[in-house]
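Student: Take a look at this one; I'll ask things after.
The values are calculated or read from the model by the stated rules, or taken from the named source; none is laboratory data. All values reported here derive from a predicted model rather than from experimental measurement. For neighbour counting, all protein chains shown are included, and Cβ atoms are generated from backbone atoms with ideal geometry for every residue, glycine included.
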Amino acid sequence: MIRRLSGSGRVALVVVALLWLVAAVSPLFAERASEIRLDERLRPPSLAHPFGTDDLGRDLAARVVTATPISLAIGLVAAAVSLLVGFGIGAAAGYFGGATDLLLSRLIEVVLCFPVLFLLLALAAFLPPSPATVVLAIGLTTWPSDARYARAEILKARNLDYSRAARAAGAGPARILLRHLLPNALPPLLVSAAFGVSWAILAEAALSFLGVGLPAPASSWGGILSAAPAYIEEAWWLALFPGLALFATVSAYNLLAESLRHATTEAGRT
Amino acid sequence: MIRYLVRRLLLAIPTLFGIVVLVFLLLHLAPGSPASAVGSPEAGRRVSAAAREEMRKLYGLDRPLPERFVRWIGRVARFDLGESFVDRRPVSERIREALPATLALNGLALFFTLALAVPVGVAAGGRPEGPFDRASAVVLFALYSMPVFWAALLLQTLLSVELGWLPLYGVSSDPAPGGILGLADRLEHLALPVTCLTYGSLAFFARLVRAGVVEARSQDFVTAALARGLSRRQALWRHAFRNALLPLVTLLGLLLPGLLSGSVIVERIFAWPGLGRLYFDSILSRDYPVVLGLSLLGGVATLAATLAADIAAAIVDPRLREEA
């Protein structure tokens, strides 16, 4: 798989790996990130504070680093929830066809009709605030695109020889779906998952930016950014650096997804 | 044609029903309902007993589920969305007030999205892997990955704070100048929010246009057009693009939910008094009737837009009608 990735895809993979590395060492900066120095508030970037300091005098660079694992993990888990729900519903629609497909396809259409952020905000704000709520809210609002993807893949594969052979050999739907169709649909699902992660990271950032994301002590990039509008006229670094981290992460995952798509479609599936 | 229309409309009925049901379920996340029995969500925003009582009466939360559902359907059918908890005015009135601001914002964003995405996509797809295609791919990719609130903050910092060219936020200056200056003032205030709302859908749509043109230009009718002596430009616009247009028309309807989502963030950052801000404020103040009314409106509007897009596609392409 990796060998088939294009140059930019490999770069993206390295960036993602580096981000997770940063996440792994981030606890080392936790103390620095939470050190409040009111005499040092809103200092522009300098050697001592490469990203400057925030409104409480905390080192912004340390805060951005310590937010890395939160943003990455939420993105990954939320995308997994979305993929799980989406694959389940999409695969069932594609495999069983007929009335099941008609019903499940309507369901997908219904959820797609709502502005994602409307549903996301309602779920995130009305349920008790916790990381689980954020993850569930994102997963439960973004699954339709995964479902459409899975449905199309399963629809394509269910009448191919190998799945007919499995059916002829007496395998039940669950076995055919999980043992035969799922492995074959895996590469395109991986693409969907990579896009899903970048989407989920963005969604979490948007929620936290709007103030209905993770509860107080935890802070993601979106949470750090939420302080920026209040100081827009005096502290540009509050907006620039956390956003840059977010932008780099989302780009890396999108680029990875894009080259995965090329690798799985153009280079031909074996 | 008539048969296609009828069929398409009939298929939309279950979806419409689904939208109403989903909003009904959303209502059950609200306090006074089983899902919120654990307590109020955000700390410091406890819902008062009075509001709970009102919810119970308004939506009949003390009745059995089927009865509640029938009531809900009945109210929706009469376009009765209830009264806002915040100022006691009908929800429909509050929505109507906020609608023009959002329409202006999203209408302009949609206009610029199409006005820019089509030429960029056709130019890029006309020569795949050419210099323009490569350059535009990088730019569009970057725009696609850029969080809208970050873009908004950067633009504000650069264009409003540092250069002082554009106002930071708001709809107009206070006091607003009259006459032609007033119009210019309004446009100045629109510039940043419209830009923020446009660039994401622009990136999304231009890539689709490009893909469609790339696919169409390799087909026989384009080769034939070129062989007949048409110029590249004519072959591209008259033949390749026209055929690439069809699938795009059906996708237009799906731009709407994306724009509305964007409106929530953009209107908040730029203090724009539209539907997005009304929705967000209502979420924070737990103004459930407004939240439910807007959700319903968003869903139904998108359904209507996809329906209109499908019908438009059928008018343009007779093949679609015959298949149905």
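Student: Here are the criteria: (1) in contact (Cβ under 8 Å) with a residue 12 or more places away in the chain; (2) of a type in the set (S, T, N, Q); (3) within 14 Å of chain A (Cβ to nearest Cβ). Tell me which single one B:SER173 does not satisfy.
Tutor: Single failed check for B:SER173: (3).
Student: Taking segment A:23-78 on its own, how many of its residues are among the aliphatic types (A, V, I, L, M), surrounded by 15 or more Cβ atoms within 10 Å (Cβ to Cβ) and part of a helix (DSSP H, G or I)?
Tutor: Number satisfying all stated conditions: 15.
Student: Now for a separate question. Is it fair to say B:PRO247 is within 30 Å of B:SER92 (Cα to Cα) and not β-branched (Val, Ile, Thr)?
Tutor: no
Student: Additional query: Are there any helices (runs of 4 or more DSSP H) wholly within segment B:208-324 with 3 or more residues that are within 9 Å of chain A (Cβ to nearest Cβ), touching a residue at least 40 places away in the same chain (Cβ under 8 Å) and surrounded by 22 or more Cβ atoms within 10 Å (Cβ to Cβ), and if so which?
Tutor: Helices (runs of 4 or more DSSP H) meeting the threshold: B:255-269, B:288-316.
Student: So which residues in segment A:245-255 are more than 8 Å from chain B (Cβ to nearest Cβ) and either without any contact (Cβ under 8 Å) to a residue 40 or more places away in the chain or hydrophobic (A, V, I, L, M, F, W, C) (or both)?
Tutor: Of everything in segment A:245-255, those that are more than 8 Å from chain B (Cβ to nearest Cβ) and either without any contact (Cβ under 8 Å) to a residue 40 or more places away in the chain or hydrophobic (A, V, I, L, M, F, W, C) (or both) turn out to be A:ALA245, A:ALA248, A:ALA252.
Student: Residues in segment B:71-104 that are touching a residue at least 60 places away in the same chain (Cβ under 8 Å) and basic (Lys, Arg): how many?
Tutor: Total meeting the criteria: 1.
Student: Additional query: Select from segment A:109-145 the residues that are in contact with a Gly (Cβ under 8 Å, 6 or more places away or on another chain) and more than 10 Å from chain B (Cβ to nearest Cβ) and list them in ascending order.
Tutor: Residues satisfying the conditions are A:VAL134, A:THR142, A:TRP143, A:PRO144, A:SER145.
Student: Now, a different point. Find the helices (runs of 4 or more DSSP H) located wholly in segment B:88-168 whose residues include 2 or more that are more than 30 Å from B:VAL249 (Cβ to Cβ), within 14 Å of chain A (Cβ to nearest Cβ) and among the aliphatic types (A, V, I, L, M), and list them. Show your work before the answer.
Tutor: Working: elements: B:91-126, B:131-144, B:148-155.
The helices (runs of 4 or more DSSP H) meeting that bar are B:148-155.
Student: Still on this structure, I have one more. Would you pick out the residues in segment A:207-227 that are touching a helix residue (DSSP H, G or I) at 6+ places or on another chain (Cβ under 6 Å) and in a helix (DSSP H, G or I)?
Tutor: A:LEU207, A:SER208, A:PHE209, A:TRP221, A:GLY222, A:GLY223, A:ILE224, A:LEU225
Student: Here's another thing I want to ask about it. Assess whether A:ALA80 counts as being more than 8 Å from chain B (Cβ to nearest Cβ) and under 18 Å from the mean Cα position of the chain (by Cα).
Tutor: Considered against the rule, which asks whether it is more than 8 Å from chain B (Cβ to nearest Cβ) and under 18 Å from the mean Cα position of the chain (by Cα), A:ALA80 comes out as yes.
Student: What's the number of the condition A:GLY223 fails, among (1) buried (at least 22 other Cβ atoms within 10 Å of the Cβ); (2) touching a Leu at 6+ places or on another chain (Cβ under 6 Å)?
Tutor: Of everything listed in (1) buried (at least 22 other Cβ atoms within 10 Å of the Cβ); (2) touching a Leu at 6+ places or on another chain (Cβ under 6 Å), A:GLY223 misses just condition (2).
Student: Moving to a separate point now. Sort through A:GLY94, A:GLY86, A:GLY98 and tell me the only one that's at pLDDT 90 or above and away from chain B (no Cβ under 14 Å).
Tutor: Matching residue, one of A:GLY94, A:GLY86, A:GLY98: A:GLY86.
Student: Further, regarding this structure: Pull out all pairs, ordered by first then second residue, where Cβ-Cβ is under 7 Å, the residues are six or more apart or on different chains, the first lies in segment A:12-34 and is within 19 Å of A:ALA48 (Cα to Cα), and the second is among the charged types (D, E, K, R) and crowded, with 17+ Cβ neighbours inside 10 Å.
Tutor: Between residues of segment A:12-34 that are within 19 Å of A:ALA48 (Cα to Cα) and residues that are among the charged types (D, E, K, R) and crowded, with 17+ Cβ neighbours inside 10 Å, the close pairs are A:ARG32/A:ASP59; A:ALA33/A:ARG58; A:ALA33/A:ASP59; A:ALA33/A:ARG63; A:SER34/A:ARG58.
Student: Which condition number in (1) hydroxyl-bearing (Ser, Thr, Tyr); (2) assigned to a loop (DSSP other than H, G, I, E, B); (3) within 22 Å of B:SER136 (Cα to Cα) is the one that B:SER172 fails?
Tutor: Here B:SER172 clears every test but (3).
Student: Can you say whether A:ALA227 is more than 7 Å from chain B (Cβ to nearest Cβ) and more than 17 Å from the chain's Cα centre (by Cα), as far as the supplied structure shows?
Tutor: For A:ALA227, the condition - more than 7 Å from chain B (Cβ to nearest Cβ) and more than 17 Å from the chain's Cα centre (by Cα) - is met.
Student: On the given criteria, is B:GLU188 more than 29 Å from B:LEU103 (Cβ to Cβ) and among the charged types (D, E, K, R)?
Tutor: Taking the combined requirement at face value, the residue does not satisfy it.
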